[in-house]
2 protein chains.
Amino acid sequence: MHKKPEILHRKTIVQTRQFSVESLSLKFQNGEQREYERLIRGKGHGAVLIVPLLDSETVLLVREYAAGLHRYELGLPKGKLDAGEDCLTAANRELQEEAGYAAHKLHHLTALSLAPAYMEHCIDVVIAEGLYPSKLSGDEPEELDVVPWKLDNLPALLASGECTEARSIAALYLCQDYLNKT
Amino acid sequence: MHKKPEILHRKTIVQTRQFSVESLSLKFQNGEQREYERLIRGKGHGAVLIVPLLDSETVLLVREYAAGLHRYELGLPKGKLDAGEDCLTAANRELQEEAGYAAHKLHHLTALSLAPAYMEHCIDVVIAEGLYPSKLSGDEPEELDVVPWKLDNLPALLASGECTEARSIAALYLCQDYLNKT
């Protein structure tokens, strides 16, 4: 395994309401020095992505406005952890806020990074089973559409052009593998 | 389908060497107004992720230092498009720079978003076949390890903890589907 480059200097250079950018001065083991910028999590407590299984063949998706792309995106429910909250508790809360269901069984599957080259952010993936109707009001500006989707019909979901987020797509395939194993 | 919220106001509030943050004032169709921040691509020309197939069962991964997580990450080669470059040309260039191979056949599979809620960024996914040794020197601070991996052994890759990036994981599964279809 490689030895990590040495951090010669690091400094938060920008802080907005939502984003923190850090500059990083690095020396690699071969002597090369480089300046990087990366997004750090700042004051965030982490995030969670939920794969809600209505039954062993059907997942619940939500259609939500996505400001980054300025269009509606169909994907898995997700959200940020509140202070002091663990990822299973956050998953069950977000599931109730976004999809109107709670889960009897929550299973932490894995964690995914977004763009490890320049983002510190990771998201925990939680599989939710044993769903029952339960609604909490969240901070969403409008109600989300809840769309049941058959797990064996992922190609049609991707072909729709409405589901483009790598984290949702990866989690759906990982859930398939998880169900095939159990 | 939903009608998109109206953009009342938008403004670039931060610009660093690598990141541009925009504030967005939105009015949803139900009258709700919200302030968002999002990362915009700024002066970038897009990015490409390559799935290099050494043969129909084997993909080439690279192990590269990832500043966001400050550790080495094993994943698919990728990089930014240069000005005026299309994504297939960029894919073949990055493949030669990062993995030491060029491809006779390049196929644009899809585009993936990262975090559509707060990032404008998307990445084109290109499958590279008919590989032959060809090395270009890039801007990497050090040589990358090139690691052949069997596509039917993705669970071991994920269990290794070295491959966490949602875009790489999604693209590997999408490539499996592509190969099963063709």
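Listed values, structure above:
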{"quantity": "Normalised alpha carbon radius of gyration of the protein assembly as shown [divisor 2.2 N^0.38 Å]", "calculated": "0.98"}
{"quantity": "GNM flexibility winner over chain B from B:GLN96, B:GLN29, B:GLN18 (Cα, springs under 10 Å)", "calculated": "B:GLN29"}
{"quantity": "Global size of region A:47-181 as Cα Rg and Dmax, reported in angstrom", "calculated": "13.9, 40"}
{"quantity": "Spatially near lysine pairs across region A:1-154, Cα under 19 Å, sequence gap of 8 or more or different chains", "calculated": "10"}
{"quantity": "Inter-probe distance in nm under a simple model that places probes 7 Å from Cα toward Cβ, at B:SER25 and A:GLU85", "calculated": "2.9"}
{"quantity": "Shielding by partners - mean other protein chain Cβ count within 10 Å, residues of A:16-23", "calculated": "5"}
{"quantity": "Karplus-derived 3J(HN,Hα), 6.51/-1.76/1.60, for each residue of region A:45-52, Hz, glycine and proline x", "calculated": "10, x, 9, 9, 10, 10, 9, x"}
{"quantity": "222 nm mean residue ellipticity, helices alone, for chain B (DSSP H n ≥ 4; -39,500 (n - 2.57); rounded to 500)", "calculated": "-5500 deg cm²/dmol"}
{"quantity": "Most mobile listed residue (B:ALA103, B:ALA83, B:ALA128) in chain B, GNM with C-alpha springs under 10 Å", "calculated": "B:ALA83"}
{"quantity": "Cα→Cβ-extended label distance, 7 Å offset, between A:ARG17 and A:GLN33, nm", "calculated": "3.9"}
{"quantity": "Within chain A, longest stretch free of exposed trypsin sites (Lys or Arg not before Pro) [DSSP loop, at most 12 other beta carbons within 10 Å]", "calculated": "A:44-134"}
{"quantity": "Between helix A:166-181 and chain A: long-axis angle, C-alpha atoms, 0 to 90°, nearest 10", "calculated": "60"}
{"quantity": "Loop GluC sites (Glu not before Pro), region B:1-73 (other Cβ atoms within 10 Å of the site Cβ: 15 or fewer; DSSP)", "calculated": "B:GLU32, B:GLU57"}
{"quantity": "A:ASN153-B:HIS2 pseudo-label distance in nm [points 7 Å out on the Cα-to-Cβ vector]", "calculated": "2.2"}
{"quantity": "Acute angle (nearest 10 degrees) that the helix A:87-99 long axis makes with the longest principal axis of chain A, alpha-carbon atoms", "calculated": "50"}
{"quantity": "Gaussian network model of chain A, Cα within-10 Å springs - most flexible of A:ALA90, A:ALA159, A:ALA102", "calculated": "A:ALA159"}
{"quantity": "Local net charge near B:PRO5, Cβ-Cβ under 11 Å (Lys/Arg +1, Asp/Glu -1)", "calculated": "+2"}
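The numbers here are math on the coordinates, done by the rules we state, and not lab data. Quick caveat, the model's predicted, so the values are computed rather than measured. Every residue, glycine as well, gets a Cβ built from its backbone with ideal geometry; the counts of neighbours run over all protein chains shown.
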